[in-house]
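Let me begin by presenting the structure, written as structure tokens, before commenting on it.
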Amino acid sequence: MVLRADQGLKLNLSAGAASVLVAVLLVALKLWAFRETGALSIAASLTDSALDLVVSLTGLLAIFYAARPADDDHAFGHSSAEDLAALGQGILVSILAIVIAWSAIERLLSTTPPVLTAEGPGMVAMGISVVLTGLLILWQRRVVARTGNRVIAADSLHYIADLLPNLGAIMALAASSIFGLVAIDSIIAIAAAGLLLFGAARITKGAFDALMDRRADPESIAKVAHIVKNWPEVQGYHDLKTRTAGNRFFVQLHIELDGAQTLHEAHSIGAALKREILRVFPNADVLIHKDPVGDPLSPNRTT
């Protein structure tokens, strides 16, 4: 099902607002747990959640700003704000992953590993955090699958960054309580950091490509080309150019028509073609230029 722009915006805003609400709840929960137990693992998770709150608020503001209509200073709209926010979030998650991995390695190599205490209350707090975070991630992934929003995708990555260490903390607290083992937390943290770096690299690359006006994905380009090549009375096309900004898809191309047609007839063909592209890509911005077939400045090309 293809979403209209307003439907996609509502979904993105719902995911952004849910992210902020969950971050507030997690900060409050972990602050209570830290005061009750004094566990440093919970203190570290509290810091992560406080950082998540700041980033989630930034992401929500970026979604609001990107939804603003075009104006005199931003003729193509404000959707690049989403790519800027996603790029910053990707870099932040990368730094967080490196810090987690470094701390875990230091703990593994330490001759005096930390002793975990108050495991019971800590596991309860972390368990509630895992449930809240897991529900949020499921909703965010659903929204991303339908809208492709990079800010929500990056925000989801950070909550995975929070979820995996929380699961590791629960396992570590359980292992410490039952078996006296403390190294499991560090091993899980290193594995989680590797997954986070991979995900952050993907998010960062997508945002960077959009900011650098890289062409759209091959599948979308192929769909546009198929529509144009098979459109009635279009005898060729050339200079098909695409780019993305946030969830916007920009398309520019030249179509070649019978030069004996009236301007009104040529316009009708181009307008109908544009409507079809917009039907397939509701968030597209389409610009079509009409050329007469046989014009020496516009050879009959199909690529």
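Just so it is clear, none of the values below were taken in a lab; they were calculated from the coordinates. A quick note: this is a predicted structure, and the numbers were derived from the prediction, not measured. As a convention, Cβ positions derive from the backbone with ideal geometry for all residues, glycine included, and neighbour counts pool all protein chains shown.
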For Ile221 and His264, calculate 0.36 nm times their separation in residues minus their Cα-Cα distance, and state this gained length in nm to one decimal. 12.7 nm
Links that overshoot a 28 Å alpha carbon limit, given the list Lys205/Lys229; Lys10/Lys30; Lys30/Lys205; Lys10/Lys290; Lys205/Lys241: Lys205/Lys229; Lys10/Lys30; Lys30/Lys205; Lys10/Lys290
Packing rank of 128-139, 256-267, where each peptide gets the mean count of other beta carbons within 10 Å, highest leading: 128-139, 256-267
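Please give the contour-minus-distance gain from Leu195 to Leu278: 0.36 nm per residue of separation, less the Cα-Cα distance, rounded to one decimal in nm.
26.2 nm
Under the Kirkwood approximation applied to all pairs of distinct alpha-carbon atoms, what is the hydrodynamic radius of the stretch 218-292 in Å?
Value: 12.5 Å, from the Cα pair sum.
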Inter-label distance, nm, simple model (7 Å from Cα along the C-beta direction), Gln252/Leu31: 5.0
